[in-house]
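Working notes for the structure below.
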Amino acid sequence: MNGIKLILRAVHHGEQHLVRELVAVAERHHTEHEIHHVATDLAGWSREHLQQVSDTARDYDLALTGPPDASSSGFLMTLTEQAAERAGCRPEPGLLLLRDLRELHLSASNNSLHWEMLAQAAQATKDDKLLELASACHPQTLRQVRWTNTMIKILCPQILTSL
Amino acid sequence: MDASVDGIAQPWGSRTPFGRHEPWPVRVDTHLAAGVEPGMVERWVQAASILHSDGDAMDIAVSGGHMVGVRGRSVDRVTRGRLGPKDLFGWQANASPDRLSRPLIRQDGRLVECDWNTAMERIVCRSKSLLDERGPGSIGFYTTGQLFLEEYYTLAVLARAGIGTNHLDGNTRLCTSTAAEALKESFGCDGQPGSYDDIDHADVIALFGHNIAETQPVQWMRILDRLEGRDPPRLVCVDPRPTQAARRAAVHLAPRLGTNVALLNALLHEILRTGRIDHDYITAQTVCFDELRARVKDCSPEWAAEICDVPADRIREAAEVVGSADRLLSTVLQGVYQSHQATAAVVQINNLHLIRGMVGRPGAGVLQMNGQPTAQNTRECGANGDLPGFRNWDNDQHVTELAKVWNVEPKTIPHYAPPTHAMQIFRYAEQGSVRMLWISGTNPAVSLPELSRIRSILAQDRLFVVVQDLFLTETAQLADVVLPAATWGEKTGTLTNADRTVHLSDKAVEPPGEAKPDLEIFLDYAARMDFRDKDGGPLITWHDPETTFEAWKRCSAGRPCDYTGLTYAGLRLAGGIQWPCNDEAPDGTERLYAHGISWARPEVCESYGKDLVTGATNSVVEYRSLNPDGKAMLKAADYLPPHEEPTEEYPFQLTTGRTIYHFHTRTKTGRAPQLNAAAPDVWVEVSAFDAGTLGFHEGDMMEVLTPRGGLRARLRSTDIRPGLLFVPFHYGYWDTPAGHRPDDSTPGRAANETTITDWDPVSKQPLFKTAAAALRLVERGDGASAPAPTTAASAPSRPGDVPATMGGPSARVSQVGDPARHRHQGDSE
C-alpha cells in the first residue's frame, strides 16, 4: 500500500501548495476584485480537501496536517494589498496576473491528476473510502482548473494587446 | 369609483377589488399640471413609462407645445389605466430649467458650451487616433437601461461591428444581469417565463427580495386589488425590511444578508422531503434532478435557521405555503440579484418552479424582474454583455449568422470571450488600457460601488470621457465632452418591460435647445466615423426610429425575442404586445414555455452555462453531455458565507435600495417637486431594538461608515431586522454645493460611498446589499425627523412620532373607474 500513501502525500502536498498560492494571489491582486474574492473562496475548497485527506490518511497510518489557518498573514497582507493598490492603476501588473493565473492553473491541474491516480488506485484495491475521498474532492479541483482557464481566456486579449 | 386622491400620501390609490381568474378592472389615473383642465389639453400622445420596469402605458397631455400632464391607458394589458407616483409626477423633470441644451467641451479644465460639430469632431478625432494607436480594445461604451430599443441596437452595431470593441455594457449590469444569467442557466436562454397576468390567477405569490410596492407600484396595486377580492392569494415575502408586501404576507422571512442560497436550499429540502413535486414534469422537462436532491439533502430548516437567523418553523411554514400552491407565481428582484451568491440563489427559485411544474400556465410563472424600464432591450439588442438577439458568443454559427445580418466578416465581431462587463470596463479604464469611455444615459459617479474609486477613474487625464445625458449629472461634471440628449416624450422609440411587453413611446414635444435624441447622436457618430460593411457600403443603413426598428426585426428573426410580427402602426393600434411576435404568434406570446422548454437545445441556446460559484464558462461539449435534448436545467448550489461579515469595528450589516419616490440617481425624480418633497434627502433605517439599545432616536444625525467610506444621514427607527441598516441609494450631489462629490461643506450622502467593490462571479452584478458597517452619532436630532417617507418600508416603528408623508394640493390624482363597471354596479342596486 506504499503507492497509496505516496499519492495521499502528493495530494496533500499539492492542495497545501494550492491554498497558499490562492491566498497569495488573492492578496497580490487585491484590486482585481473578482480574482481576489473568488480565489479566497476557492482556497476554502482546498482547505476542505486537506481536512478530508488528513482524516482519511489516519486509516493508512499517515499523519498529515489539517488545513492551514484561514486567517491571513496580517501585516504582510496589508503591505501586499497596499502595494497592489498602488500598482492597481498601471497596466503592467496585468502580466503578473496572467502569470499567477497560469501558475494556479498548473497547480490545480497537477492536483487533478493526483486525484485521478488516487481514484484509479482506489478502484484497483476496491477501497471504497479512498474512492469516496477522490470522488468528493476531484470535481471541485476541476472547477478550480476551469476557473483559472476562464479568467485567462477573458483577461488575456486586453492585457496582451494593451502593453 | 370617480375620486381624486393624494398621489403621494396614497401612492397605490384606491382599490378596484377583483376575484381570482377575473380580469383586472380598469382605473384611469390622471395628473395634470396646476391650472390645467382636461378640456385644455390639445393632444394626448401615446407613451410608456421609463421610470421602472413595468412599462406603464400612458398618454402625455400636450398643450401649447408643452407637456402638461399624464393619463394611464385603460386599454393597456400591463396597467389597465393605472400609474404609479413616479409616472404621475416624474414627467415634470423634462421641463427643468437646468436641462442641457447645448454640447459642452472641456477647455482649460472647465466645461464650456460649443456647437455640435465641434463636440462630435472632438469625439471622432479621439476615436480615430485611439483606433490607430491602441486598437479597438481602448474604447469602451457604458449605456443605460433608459434608452429605447432602436438606440441600443444602433449602439450595439456601431460598437461591436463598427469600432470592433468587446467593451459595451449597460448599467443594466447593476439591475438585471442576474435575472438574465439565471434564465440562461435554467432555461438556456434569456426571456421571462411568466406574465404579469399570472398575478390574476395565482393562489400563492412569493416575493423574493422584491419590494414590489415601491419598485413596481402598479403591479402591487394589482396584488392589493386581489387581496381585497374573492379567493385572494397568500403572499410569501422574503425581505429583511418591513415592506408593504411583508406587512400583508402570510409568511414573512427576514433573513440575514447574504444567506439567500441557504434559505432557498432549505425550502427546496422541505418541498422534496414532503414530496410536493411534479414527477412527470421533472422527467419530461428537466435534467440534473438527482444532483439537486443530493445537494439539498442536508439543508434542513434547522440548518438554514442557524445561518439565516430565521426560525426553522417559519421556513417550514413558507415551504408549506409554496409547496401546497396550486398556481405559484414568484417574483425576484434586487434583494437577491444584488446580494451574495446572486445567480446561484436565483437559479434555486427557478428550480423551485421546475420541480413543482409551475411554469407556462396561467398563474404558474416566474418573473425575474428588471430594475430599469428598458433593461430588457439592452439584453435583446446586445448593448449589455450579450450578443444581439440572445445569440451565443461561444457558438460560431450564431456569430456567423449575426455577421450575415450586418454584412461583415464574423471576425469583425469580437467573440473570443464574453462581452466585457461594466465593472471590468471600469477596471480596464483604471489600469489605463481603456482610454475612451462613452457613457450614455447613466450616472456611474453615483450608481457604481465605492464612489471615491469611480470618481478617481473618471477624473484621470488619460481617460477621455464622453457623457450623453439630460442634465449636468455628477458624472457629466467629470466629462471631457457632454452631449445634450432628448428623452422620453421628446423622441420616438420602443421599449420592452419585464414581462416582454413591447410598447411604442411617441414624441410629444420638442427637446430643449439643441438637445437631440440618442439615436440621432449615435447615427451622427457612425456617419462621421464612416463605418463600412464588408462590401464597402455603409455599415448602418437606417436613419430614423422606424427604419431602425425594421432593421432590428431582421436581427431578431428566428430568435426567442422575435419582433418580426410587430410594427409601429400595430403598436399604436393595439398598445403593448409581448414578444415573440411573428407569423406563428401574430398577437404576441403570453407565456414562453406553455408548450415545454424551447430554447435550451445546444444549437440554439444563448449560453453553455457557467459554474454557479466560480463563474467559469462551460464548453459546448460539457453542455451537450449535460443537456443534449434541450431541457430545463436544475442547477444546484452550495451555500458560501458572504465575503464581508460584521466585525467588532463594523458590527452592522448594511443594505441599500430604491424607494417609492425616487429612481436611478434621482436625475429625474429629484427634479419632480412632489417626488422630491416626499423624500428630499438620504436617511438611515435602524431597527427600533438597536436604536433603543444604543440610545439613538428618530432624527438623530448619524454617520454610517464602512471600510470604503461614509455618509451622514438622519435616523429613522423602523421594524427592520435587528443588526441591519438600510440606506436608500442614489442620493448624489448635483443638488448640493459640491456638485459631484462630498467636500468640506457637503458630507457624504450617496449610499455607494460605502458599498464594496465585489460582484457575483456568474452574472457580474455588483453587490450592493452585503456591506458591514459602523453607526455613529454625529448630533442629536432635537425634534427633527428623518426625511424618510412614512408610507412604505421606511414607515416609523412608532407611527405617531413622525408627520405623515403627504403631497398636498399639487399631488391630486384623478382616478376614474371603468364606466361599464359603474353601469353594472348601478344596475344591481
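The values are calculated or read from the model by the stated rules, or taken from the named source; none is laboratory data. All values derive from a computational prediction rather than experimental measurement. Here the Cβ positions follow ideal geometry from the backbone for every residue, glycine too, while neighbour counts run over all protein chains shown. Calculation scope for accessible area: heavy atoms of the full protein, side chains included, ligands and nucleic acids excluded. Shrake-Rupley method; radii C 1.70, N 1.55, O 1.52, S 1.80 Å.
For B:Ala569 and B:Asp544, a Förster radius of 22 Å and the Cβ-Cβ distance give a FRET efficiency of 0.90, rounded to the nearest 0.05. What separates the Cα centres of region B:740-817 and region B:591-645 is a distance of 37 Å.
Among A:Arg28, B:Arg82, B:Arg776, the sequence by solvent-accessible area, most first, with a 1.4 Å probe is B:Arg776, A:Arg28, B:Arg82. Note on A:Glu116 and B:Asp313: with the Förster distance fixed at 35 Å, the Cβ-Cβ geometry gives a FRET efficiency of about 0.15. Available extension along the chain between B:Val36 and B:Lys404 is 127.2 nm, counting 0.36 nm per residue and deducting the alpha carbon span.
Remark: relative contact order (region B:305-431) = 16 percent; criterion is Cα-Cα distance under 8 angstrom and separation of 6 or more residues.
Here is the P(r) of region B:603-660: all C-alpha pair distances, binned every 10 Å from 0, give 16, 32, 20, 20, 11, 1 in whole percents.
How many angstrom lie between the Cα centre of region B:460-477 and the Cα centre of region B:527-569? Between the Cα centres of region B:460-477 and region B:527-569 lies a distance of 29 Å. Two numbers describe the Cα atoms of region B:460-522: Rg and Dmax, which are 14.4, 43 Å. Note on A:27-37: average number of Cβ atoms from other chains within 10 Å of each residue's Cβ is 4. When the alpha carbon gyration tensor of region B:26-77 is reduced to an equivalent ellipsoid, its three semi-axes come out at 20, 12, 9 angstrom, largest first.
Modelled this way, with points 7 Å down the Cα-to-C-beta line, the labels at B:Asp743 and B:Ser324 are 6.3 nm from one another.
Across peptide B:752-763, the average count of Cβ atoms from other chains found within 10 Å of a residue's Cβ is 2. Shape analysis of region B:737-784 yields a ratio of the Cα radius of gyration to the Kirkwood radius, Rg/Rh, of 1.11.
Overall, the accessible surface of the protein assembly as shown at a probe of 1.4 angstrom is composed of carbon and sulfur to the extent of 51 percent. So if I average 1/r over every pair of distinct C-alpha atoms in region B:235-301 and take the inverse, what Kirkwood radius in Å does that give? Result for region B:235-301 stands at 13.6 Å. The value obtained for region B:711-790, namely the Cα convex hull volume divided by the number of residues, is 148 Å³ per residue. Computed from the alpha carbon positions, the gyration tensor of chain A leads to an equivalent ellipsoid with semi-axes of 33, 17, 10 Å, biggest first.
Take the accessible area of chain A alone and of chain B alone, subtract that of the pair, and you get about 2600 Å² summed over both chains, using a 1.4 Å probe. Under the shape rule built on the C-alpha gyration tensor, where the axes satisfy a ≥ b ≥ c, region B:523-634 is oblate, since a/c reaches at least 1.5 while a/b does not exceed b/c.
Legend: distances between Cα atoms for A:Lys5/B:Lys297; B:Lys635/B:Lys764; B:Lys553/B:Lys764; B:Lys610/B:Lys631; B:Lys86/B:Lys184; pairs beyond 26 Å are A:Lys5/B:Lys297; B:Lys553/B:Lys764; B:Lys86/B:Lys184.
Here the mean projected area of the convex hull built on the C-alpha positions of region B:209-265 is 4.2 nm². Between B:Arg554 and A:Gln123, the modelled labels are 5.4 nm apart [label points 7 Å from Cα along Cα→Cβ]. Taking a ≥ b ≥ c as the square roots of the eigenvalues of the Cα gyration tensor, the protein assembly as shown is rounded, since a/c falls below 1.5. In the context of the full set of protein chains, residues of region B:339-424 present 20 Å² of accessible surface per residue (probe radius 1.4 Å, heavy atoms only).
Provide the net charge surrounding B:Thr706, with neighbours chosen by a C-beta distance below 9 Å and charges set as Lys +1, Arg +1, Asp -1, Glu -1. Residues near B:Thr706 contribute -1 overall. Cα centroids of region B:199-247 and region B:309-366: 14 Å apart.
Okay, which of region A:1-26 sit inside 13 Å, backbone N to the point 7 Å along the Cα-Cβ direction of A:Tyr60? Label zone hits: A:1-14.
Kirkwood radius for region B:78-126, taken over all pairs of different Cα atoms as the inverse mean of 1/r, rounds to 14.1 Å. Placing R0 at 35 angstrom, the Cβ-Cβ distance between A:His17 and A:Leu160 gives a FRET efficiency of 0.80 after rounding to 0.05. Remark: region B:207-258 carries 24 Å² of accessible area per residue (probe radius 1.4 Å; ligands, DNA and RNA excluded). Shape class for region B:1-131: prolate, because the ratio a/c of the largest to smallest gyration tensor axis (alpha-carbon atoms, square roots of eigenvalues) is 1.5 or more and a/b beats b/c.
On the principal axes of its alpha carbon atoms, region B:148-190 extends 33, 19, 17 Å, with the longest extent given first. Here, chain B yields an orientationally averaged convex hull projection of 32.9 nm² when only Cα atoms define the hull. The equivalent ellipsoid that matches the C-alpha gyration tensor of region B:329-432 spans semi-axes of 30, 20, 12 angstrom, in descending order. In this simple spin-label model, placing a label point 7 Å from the Cα along the Cα-to-Cβ direction at both B:Ala459 and B:His279 gives a separation of 6.6 nm.
Normalised by residue number, the volume inside the convex hull of the Cα atoms of region B:387-453 is 128 Å³ per residue.
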